[in-house]
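Student: I have a structure I would like to understand better, so I am pasting it below and will then ask my questions one at a time.
No lab work stands behind these numbers, since they all come straight from the coordinates. Just so we're clear, the structure is a prediction, and the values are computed from it rather than from any experiment. So basically every Cβ, Gly included, is an ideal-geometry build from the backbone, and we count neighbours across all protein chains shown.
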Protein chains: 4
Amino acid sequence: MLEELKEKVLQANLELPKRGLITYTWGNVSGIDREKGLVVIKPSGVSYDGMKASDMVVLDLDGNRVEGTLNPSSDTPTHLELYKKYPDLGGVVHTHSTSATSWAQAGRDIPLYGTTHADYFFGDIPCARSLTKEEIEGEYERNTGLVIIETLEERDVNPVYTPGILVKNHGVFTWGKDADEAVHNAVVLEEVAKMATFTEMINKDADKAPDYLRDKHFYRKHGENAYYGQN
Amino acid sequence: MLEELKEKVLQANLELPKRGLITYTWGNVSGIDREKGLVVIKPSGVSYDGMKASDMVVLDLDGNRVEGTLNPSSDTPTHLELYKKYPDLGGVVHTHSTSATSWAQAGRDIPLYGTTHADYFFGDIPCARSLTKEEIEGEYERNTGLVIIETLEERDVNPVYTPGILVKNHGVFTWGKDADEAVHNAVVLEEVAKMATFTEMINKDADKAPDYLRDKHFYRKHGENAYYGQN
Amino acid sequence: MLEELKEKVLQANLELPKRGLITYTWGNVSGIDREKGLVVIKPSGVSYDGMKASDMVVLDLDGNRVEGTLNPSSDTPTHLELYKKYPDLGGVVHTHSTSATSWAQAGRDIPLYGTTHADYFFGDIPCARSLTKEEIEGEYERNTGLVIIETLEERDVNPVYTPGILVKNHGVFTWGKDADEAVHNAVVLEEVAKMATFTEMINKDADKAPDYLRDKHFYRKHGENAYYGQN
Amino acid sequence: MLEELKEKVLQANLELPKRGLITYTWGNVSGIDREKGLVVIKPSGVSYDGMKASDMVVLDLDGNRVEGTLNPSSDTPTHLELYKKYPDLGGVVHTHSTSATSWAQAGRDIPLYGTTHADYFFGDIPCARSLTKEEIEGEYERNTGLVIIETLEERDVNPVYTPGILVKNHGVFTWGKDADEAVHNAVVLEEVAKMATFTEMINKDADKAPDYLRDKHFYRKHGENAYYGQN
């Protein structure tokens, strides 16, 4: 069942340690089959060494396990909320990558300082608020998803144009049209976070890049007038 | 004698350079067999290349060498004091890992800024005071253990909940239910220290994470209501 | 056609990920055959894994594709402007390497703080201004080249003596007598940028190196009185 | 001639890139045979890939080439001055390692913040002054050695107890009883420099470690009462 998707989600998960985004098991990737309405996600707390496609857990969008014997990632309800709200999402990633998490702990949006950022994220990368005591003590992981959605909605952010977010005092979520692209965006976000840290060290009053530079670079790679790459 | 434990302690020691926690021989791991009351520890100043299980030194809790021909790590008396005081400890690690040692040199506790920290350490990671001239010129390594204990006791810190500490102007000690977990905690502490450094660079007035977030994450992974992982 | 140059440009491109200068496809290297007036450059958005010499694109200096089926790097017009203006350039590199790009985002020249810098760059490494809205919405990549040239000319910088430049809010361009040397200079510029960042963290009022030290080191390696190396 | 020493000096040179201390050819190691009064040093500007023991250059203490066809490192006169002044030195290293060079560019001594430092360096690591215009335009490399000696003498520093120094706006020199130990000290100095940078970021008013802690750690590893290691 969903053998191809399980293999893809496995490979996307294995990319996380290979790219230096996670320590031990601190991350998870999922992918969705929109036709069947089924999500494939990494099992909880399982080591990346020797993980197999058959270890991936298959769930429906209500979180019922449809296949697999292992517990799904404890962050599963966050993934599900994002899939339910945004039909364009095909893959979701959660990590505690060093620089991005440092911005999350600092409680700040990552300012759009340059084209590296603008090639992938159409604007500052938002930092969602901390959850309240009630949200945390209730359905914590589900509420994390709801707070991400609240932040994107309130700020009128199109998640396809800004494929990632920080959650204050916690970590980072990214997404994409599939699991692979979601991981790609997690790698980019970490690099952009690192550069933004250094940028402010070098010039604490650094200006954001102008909007027209953002537009140019984003649309060079995205949308119908894109001319980057081979398509 | 204690062949299995020696092999485990060897492997835990070898994990230190593999995880980037040490330069040359600047670290040591021990493990204890509580039934026999015997501690297995790395020999002093021996290179990690080609180290064998049979090089591990076996000692009783008074520091008498029971097996092995090499000198035990010069930090052995610190390990012994921790084992004697806290019966739950099964492994102890000492390193000079870069970020954690920088906090120790800065003489500051590592603030609990986020869930990465709270998943493993239930509160700030304390920085014990520098030893006095008398403590240093006396039984230095033993006194290091006593100052660690003094700090944990004075602050009413449960070492099972906060499995590591900094020692001012020196380095870091971590522990766990066995040598493996102690090393795991040393890796986490280093990563948490690095993130805390960046967090303050990004926002010098960053707030600590709220207590209810700490509680949620810590108890998600520890204690009878834990639901992270496969158990 | 130009098989040797294509192989050299391929190898120079592959050096970028090997030296840690790029993430994914964020960089490109070109080389020129001055006799034939033809430029060889990496194709756009193509992964470094499995890239072959035959994937390289051959263009004339007006940007007409002379050989190859892939689209050339989207930054090609920048390379062409530099080749047309400066006949001594044999290779050009563009990257978003972490520290250099952080200086570009900070909008600052990299001060000449020491001999590591002076061994390769005869003076501060300039940061060119951001392009205007009109320049960006027009022939963006060509205008990037023109702004680089404008900066070098206005400041009376000899590009053979200062083989690299930052472009504000964007990234870094370097060059050399061939593709290899251009990559070499990109590696040096990144290291120099990193050191300059740390230098200012350690001493925010650090002084630049004196001119006579710059002269000594630069001319030790360059020009007719050079005595470094085996020539 | 001196085959064993040439092999040792080669291996010590190869350790520099392996330990991440150098980029390209930015470093050199020498060793001395005190009985014969001959120094073996790396050739100038030669790549580390494929370097052979037979490429090493043999010189007398006046700098006359006794064996070898390649030019010796351009920094050779600095090495020679150090060997002539201090009979205890058996190996000398020069690098531009990132953190140490950043302190040199910042023009500051590296404060003794902790035991990692005190295990190898008995006090702050001095930063020698920049050379004057005359010193630079004269016998530059020899004068670099003389300024290092001037600094050690003026501050009454025993080079056996403080086996390394920064040179302002330039880089770092270390030494030891042989080429191996000199490289070991270069690795330590770089790590200590990195930790000191972070220490001040975490606490800009960090205190130096007390003298009695320095004494304890230094003499634990050095001198007749040393008890670290297996001797």
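Student: Taking chain C as the reference, fit the longest principal axis to its C-alpha atoms, fit the long axis of helix C:140-154 to the helix C-alpha atoms, and give the angle between the two in degrees, 0 to 90, nearest 10.
Tutor: Between helix and principal axis, roughly 30 degrees.
Student: Taking each residue in D:170-179, count the Cβ atoms of any other chain within 10 Å of its Cβ, then average. What number comes out? Present the calculation step by step, with values, prior to reporting the outcome.
Tutor: On the way: counts 7, 3, 0, 0, 0, 0, 0, 0, 0, 0.
Average neighbour count from other chains, rounded to a whole number: 1.
Student: Out of the stretch B:149-231, which trypsin sites (Lys or Arg not before Pro) are coil in DSSP terms and have no more than 11 other C-beta atoms within 10 Å? Spell out each step's value before the answer.
Tutor: On the way: sites: B:R155, B:K168, B:K177, B:K194, B:K204, B:K208, B:R214, B:K216, B:R220, B:K221; in loops: B:R155, B:K168, B:K177, B:K204, B:K208.
Sites meeting the loop and neighbour criteria: B:K204.
Student: Further question: Can you pick out the pairs among C:K42/D:K18; B:K6/B:K168; B:K42/B:K168; D:K6/D:K177 whose Cα atoms lie more than 19 Å from each other? Kindly include the intermediate steps, with their values, before the conclusion.
Tutor: On the way: C:K42/D:K18 31 Å; B:K6/B:K168 31 Å; B:K42/B:K168 24 Å; D:K6/D:K177 16 Å.
Where the Cα-Cα span goes over 19 Å, the pairs concerned are C:K42/D:K18; B:K6/B:K168; B:K42/B:K168.
Student: If you don't mind, there's one more thing I want to ask. Would you kindly work out, in nm and rounded to one decimal, the distances from the label point of C:L14 to those of the same position in each other copy, ordered shortest first, with label points 7 Å along Cα-to-Cβ?
Tutor: Inter-copy label distances (nm, one decimal, shortest first): 2.3, 2.3, 3.3.
Student: Then there's this: Need one value for B:110-119: mean number of C-beta atoms belonging to other chains within 10 Å of its residues' C-beta atoms.
Tutor: Working: counts 1, 1, 2, 7, 13, 9, 11, 2, 2, 2.
Average neighbour count from other chains, rounded to a whole number: 5.
Student: Quick one: in the stretch A:3-221, what % of C-alpha pairs are over 26 Å apart? List each step's numbers first, then the result.
Tutor: Numbers: 7584 of 23871 pairs.
Counting pairs separated by more than 26 Å, the tail of P(r) holds 32 percent.
Student: Sticking with this one: For the rotation taking chain C to chain D, which residue of C has the Cβ nearest the axis, and how many Å away is it?
Tutor: Whole-Å result, nearest residue of chain C to the axis: C:M201, 5.
Student: Nearest 20 debye, what's the magnitude of the dipole of the stretch A:3-221 about its Cα centre given +1 on Lys and Arg Cβ and -1 on Asp and Glu Cβ? Intermediate results must be reported in sequence, preceding the final value.
Tutor: Details: 25 positive and 36 negative charges, 92 e Å.
Dipole of the stretch A:3-221, to the nearest 20 debye: 440 debye.
Student: What does the charge count near C:S73 come to, summing +1 for each Lys or Arg and -1 for each Asp or Glu among other residues with Cβ under 11 Å from its Cβ? Don't jump to the answer; show the numbers that get you there.
Tutor: Values: positive: C:K42; negative: C:D75, C:E141.
Residues near C:S73 contribute -1 overall.
Student: A follow-up question, please. Sorted by average packing, counted as other Cβ atoms within 10 angstrom per residue and highest first, what order do A:137-144, D:131-138 take?
Tutor: Details: A:137-144: 16.9, D:131-138: 15.1.
In descending order of packing, they fall as A:137-144, D:131-138.
Student: Take the alpha carbon gyration tensor of the protein assembly as shown, find the square roots of its eigenvalues, order them as a ≥ b ≥ c, and report rounded if a/c is under 1.5; if not, report prolate when a/b exceeds b/c, else oblate.
Tutor: On the way: a/c = 1.79, a/b = 1.00, b/c = 1.79.
Note, shape of the protein assembly as shown comes out oblate.
Student: Now a separate question. With the label 7 angstrom out along Cα to Cβ, how close does C:G50 come to the same site in each of the other copies, in nm, nearest first?
Tutor: Copy-to-copy label distances for C:G50: 3.0, 3.1, 4.3 nm.
Student: Further, regarding this structure: Averaged over its residues, how many other protein chain Cβ atoms are within 10 Å of peptide A:191-199's Cβ atoms?
Tutor: Working: counts 6, 3, 2, 5, 10, 3, 5, 11, 10.
Partner Cβ neighbours, averaged per residue: 6.
Student: Report the gain in length on full extension from B:K84 to B:R34: 0.36 nm times residue separation, minus Cα-Cα distance, nm rounded to one decimal. Kindly include the intermediate steps, with their values, before the conclusion.
Tutor: Working: separation 50, 0.36 × 50 = 18.00 nm, distance 1.03 nm.
Using 0.36 nm per residue and subtracting the Cα-Cα distance, I get 17.0 nm.
Student: Give the calculated FRET efficiency between A:K208 and B:S47 to the nearest 0.05, with a Förster radius of 51 Å applied to their Cβ-Cβ distance. Walk me through the numbers on the way to the answer.
Tutor: Working: r = 50 Å, r/R0 = 0.99.
It comes to 0.50.
Student: Can you compute the charge dipole magnitude of the stretch A:145-231 about its Cα centre, using +1 on each Lys and Arg Cβ and -1 on each Asp and Glu Cβ, nothing else charged? Give it in debye, rounded to the nearest 20. Spell out each step's value before the answer.
Tutor: Working: 10 positive and 15 negative charges, 48 e Å.
Magnitude of the dipole: close to 240 debye.
Student: Turning to a different aspect of this structure: At C:Y219 and D:R129, where each label point lies 7 Å from the Cα along Cα→Cβ, what is the point-to-point distance in nanometres?
Tutor: Here the modelled spin labels are 2.4 nm apart.
Student: Still on this structure, I have one more. Take the Cα of D:E7, step 7 Å along the line toward its Cβ, and report every residue of the stretch D:46-63 whose backbone nitrogen sits under 12 Å from that point.
Tutor: Counting backbone N atoms under 12 Å from the label point, the list is D:53-54.
Student: Order of D:47-57, A:56-66 by packing, highest average Cβ count within 10 Å first? Walk me through the numbers before you get to the answer.
Tutor: Values: D:47-57: 14.5, A:56-66: 16.3.
So the order, starting with the most tightly packed, is A:56-66, D:47-57.
Student: If you don't mind, another one. What does the copy distance list look like for A:N64, label position 7 Å along Cα→Cβ, in nm and ordered from shortest?
Tutor: Computed spacing set for this position: 6.6, 6.7, 9.4 nm.
Student: Let me ask something else about it. Just to confirm a number: summing +1 for Lys and Arg and -1 for Asp and Glu over residues other than C:G63 whose beta-carbon lies under 13 angstrom from that of C:G63, what do you get?
Tutor: Details: positive: C:R65, C:K84, C:R142; negative: C:D60, C:D62, C:D75, C:E81, C:E139, C:E141.
Here the charged neighbours net out to -3.
Student: Now, a different point. Along the charge dipole of the stretch C:1-140, pointing to its positive end and built from +1/-1 on Cβ of Lys, Arg, Asp and Glu, which listed residue (C:V58, C:W103, C:G27) has its Cα farthest out?
Tutor: My answer, from the dipole projection, is C:W103.
Student: Rounded to whole Å, give me the distance from the Cα center of the stretch A:163-231 to that of the stretch B:51-99.
Tutor: Centre-to-centre (Cα) distance: 47 Å.
Student: So, counting K/R as plus one and D/E as minus one, what does the shell of residues with Cβ under 11 Å around C:V46 add up to?
Tutor: Result for the neighbourhood of C:V46: 0.
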